[in-house]
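The values are calculated or read from the model by the stated rules, or taken from the named source; none is laboratory data. Since this is a predicted model, take the numbers as computed values, not measurements. Methodologically, a virtual Cβ is constructed for each residue, glycine included, from the backbone with ideal geometry; neighbour enumeration extends over all protein chains shown. With ligands, DNA and RNA removed, areas are computed over all heavy atoms of the protein, side chains included. Shrake-Rupley method; radii C 1.70, N 1.55, O 1.52, S 1.80 Å.
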Amino acid sequence: MKHYKYLIVGGGMTADSAIHGIRKIDTGGTIAMISDERDPPYDRPPLSKSLWKDKGIESIWRSPNGLNFGLILGRKAVAVDAAKKTAMDDAGNKYAYEKLLLATGGSARHLPDADESVIYFRTAADYRKLRALSERGSDFVVIGGGFIGAEVAAALAMNGKRVAMIFPSNGIGSRVYPPALTAFLNSYYQENGVMLLASETVKSVRKKGSKTIVTTGKGLEIAADGVVAGLGIEPNTALAEQASLKVDNGIVVDELLRTSNPDIYAAGDVANFHSAALDKRMRVEHEDNANVMGEMAGRNMAGQSDIYSHQPYFYSDLFDLGYEAVGELDAGMDIVEDWKEPFRKGVVYYLRNNKVRGVLLWNTWGQVAAATRLIAEKTPHSRSSLSGLISD
């Protein structure tokens, strides 16, 4: 059995950032990373953004230079003995640790009646598969109108593909954006050649010759060269549950990112943490959280006692539109829209009890810090007090 001072389960951005955090404090302690992917750590956002524009896949890889750690690819950790401080992978290999990080991320939700041809877009392998299909075919179906679905549909359309989007709500991003913005996006996507099948479900997905046939709940059949589903993720908590750690919508961590076992940490998509700014427990499935939380978990594993008080931001690209956002974005909240140019440039504020809980910076750049401060202040606001408050 190999012994490591630090053992990291997961091979994504969080895991890579944790190693950087460890090395800022401990330059010599032994580290191993166990990842069930075949690829070494990489940046995930470009898979649905820049790789479809002007970047090559070589741009996504994270450099391991100077980090000096063991990288175990294609292996899944299946058991943790917290008392003995050991972990075991799916090949039966055992690892002893002093500190353990669970950066297990999440798994894509799957359609209940679909064959293996559906790409649940999440990994570099998924990108390669979709890219190969896009180089041969011209017709694609994207299932889901949320974050990933909207990005992938735009990426394919920008590359000259005929795209149909299927989603159960009445519009793109309808759970997040105010109704008028959702209506604009519906029209904008259609103007860019995307066929929208709103208020529609998927009954089945079946391979037929070289095509994939998508049958909708209303009986429409669409023949496609590729089918992508962006249905959200479920946090990968099985290992934490097996280790008898506290789990509640993810792995519950304290302000130092420790789980209910003080020698086991969790970070990234899978971690349920307390947001100081929003005064609530939450999980965040975005790059900024992965990077900042991962690095802090690494530092704390190596002996620091840094409190995670960061309020993560996230961003998206939709054709030639883009945004950054902070906090809670929920279309059911009280919303104040402050447009410089309707639906092209402006700021959308999300309020509860007159206090700003989230900010959407629509084509408004360099204002994440201002938005973060506004949420943290917890000051009552009105439509008039928010008018012009943030602009670039």
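Remarks
- The dipole here belongs to segment 256-392: it is taken about the Cα centre, uses +1 on the Cβ of Lys and Arg and -1 on the Cβ of Asp and Glu, and is about 500 debye.
- Comparing Val163, Val347, Thr215 along the charge dipole axis of the chain, the residue lying farthest to the positive side is Thr215, per the Cβ-charge model.
- Segment 342-354 - phi-based ³J(HN,Hα) in whole Hz, Karplus 6.51/-1.76/1.60, Gly and Pro as x: x, 6, 10, 7, x, 10, 10, 10, 10, 10, 9, 6, 6
- Solvent-accessible surface of segment 279-372, taken per residue with a 1.4 Å probe and all protein chains present: 39 Å².
- Pairs over the 32 Å Cα-Cα cut-off, from the set Lys85/Lys378; Lys24/Lys340; Lys2/Lys246; Lys24/Lys355; Lys94/Lys207; Lys24/Lys55: Lys85/Lys378; Lys24/Lys340; Lys24/Lys355; Lys94/Lys207.
- Whole-angstrom Cα spans of segment 1-63 along principal axes, big to small: 43, 25, 15
- With all protein chains in place and a 1.4 Å probe, the accessible surface of segment 315-392 carries 47 percent carbon and sulfur.
- Given in Å, the Rg to one decimal and the Dmax to the nearest whole number for the Cα atoms of segment 230-338 are 15.3, 48.
- Mean accessible surface per residue for segment 75-186, computed with a 1.4 Å probe while every protein chain stays in place, in Å²: 41 Å²
- Charge dipole magnitude, Cβ of K and R +1, D and E -1 - segment 59-124, Cα centre, debye nearest 20: 380 debye
- Rounded to the nearest 500, the 222 nm mean residue ellipticity of the chain from helices alone is -6500 deg cm²/dmol, with -39,500 (n - 2.57) taken per DSSP H run of at least 4 residues.
- Computed with a 1.4 Å probe over protein heavy atoms only, the accessible surface of segment 1-47 comes to 37 Å² per residue.
- Relative intensity, log₁₀ I(q)/I(0), of segment 1-125 from a Debye sum that treats every alpha carbon as a point, q = 0.14, 0.18, 0.20 Å⁻¹: -0.68, -1.00, -1.15
- Counting only Cβ charges, +1 for Lys and Arg and -1 for Asp and Glu, the dipole size of the chain around its Cα centre is about 400 debye.
- Per residue Cα convex hull volume in Å³ - calculated over segment 47-97: 127 Å³
- Taking N as its residue count, the alpha carbon Rg of the chain over 2.2 N^0.38 Å: 1.02
- Burial order of peptide ranges 94-103, 352-361 (average beta-carbon count within 10 Å, highest first): 94-103, 352-361
- Charge dipole of the chain about the Cα centre (unit charges at C-beta), most positive-ward option of His20, Gln304, Pro112: Pro112
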